[in-house]
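Where a number appears in this text, it was derived from the coordinates with a stated rule and is not lab data. In this text the structure is predicted, and so the values were computed from the model without any measurement. Cβ: placed from backbone, ideal geometry, glycine included. Neighbour counts: every protein chain shown.
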Amino acid sequence: MNKKQVWLGRIARVLIPLLFSVAAILWVRSRLDFSQVWEVLKLIHWQGLVIHGLVFLAGLVLRALSFSVILGDDFSNVTSFHGMNAGYLLNNILPFRLGEFGRAGLLVSHASHQVTFLEVFAGIVTERTLDLLIGVLFFLAGLLMMEGSLVPMWIVWLALILLIAFVVLASLGAKHQEKVIAFLNRKAEKRKLAREKLVPWLDSLLKGFHVFLQPRKLALAGFLLAVSWFCAMLEVYLLQLELMPGAQWWWPFLVLTAGVFVNAIPSAPGGIGVYEAGVVATYTALGADPAAGLAIALVMHVYQMIIPSILGVIGVYALGENLGQFLSRARFVRREALALEEGEISAEELHAAGLKAAGLDASELSAMGVESKERNSG
């Protein structure tokens, strides 16, 4: 891949998400009058805002506990909580979904035993997979209660099947890790990039997926995530009681999950625009007032942006880091991933520039599974 193609690809990664957000905002603007939204927002009492904040915080704590269960004894509950919110902070202020890379890069240097970056990243993937499974099940339950259809049912079933298939493949890969890696090493014998980078990366990922082979741990993590979902749905339900008379108790099953799924679309930092569009479109399909729907979406989104961001800043400093170092580390790790995708991962200049920007020392570098030019020459 030549440099022009690489730069065009990187520009597209910036412009396309922004265009999605702009299109979503324009769509919402064309569907309602913002003065009506303001009138709905004025119905909220400060006591309600405090309750919403407490319920939201309870959900965050439960998510952190679930993540800590997945990671195991290498990380304390407090460290997992700080790392999770630091990741949310990055997703809220920067494009490219840097939060997951930043969370993993931050946590590897705070483990009680040495772990690789990809082992931690596999834990994040496991958490996201369980999260999506639970969300799809809630969405499916909401569709079964709905008269008419929000989306074709086969799409939801297909998503559920694909998620289960991923869990099965990850479990089988972790169970037969040695055989899988030995097979890939034989196949990659004459391919330096695959042998030196792809196979070791996959080896670390599969090691991180060993949680799929521990049913009790997986069940506990899933239960905590499910309760965190209930907290989020309780928040939506309480907002409906205040702002949307006549709303059904089960509507949060659809509204919350639709907002989460639509938020996965590439967009501006924090999912600005697309999240609101997803919630408004769902409430509109349910026959609700779109102005009230947008008011609920805005309150929820503000909480999702502000509370984790504040806790993320606190978490970064509580772990002995600073924001500049944290941001550099996240960008560096993501740059490594993009270089792998674009076939440039073996370039020594990339490693040297990335290490200089991230300011990582030798122990952190080893934990992240990255090799510098100096260490290679030594």
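Quick notes on this one:
- Each label was represented as a point 7 Å from its Cα along the Cα-to-Cβ direction; for ILE307 and GLU147 these points are 3.4 nm apart.
- Extension gain, ARG191 back to ALA264 (0.36 nm per residue minus Cα-Cα distance, nm): 22.8 nm
- Förster radius 30 Å - calculated FRET efficiency between LYS175 and ILE314, Cβ distance, rounded to 0.05: 0.15
- Here the Karplus curve 6.51 cos²θ - 1.76 cosθ + 1.60, taken at θ = phi - 60°, turns the phi angles of the stretch 109-126 into couplings of 8, 10, 8, 6, 10, 5, 10, 8, 4, 6, 5, 5, 4, 4, x, 5, 4, 4 Hz, with x standing for Gly and Pro.
- When only alpha carbons are used to place a centre, the stretch 131-179 and the stretch 195-227 end up 17 Å from one another.
- Extension gain for the segment LEU57 to LYS207, taken as residue separation times 0.36 nm less the Cα-Cα distance, is 50.9 nm to one decimal.
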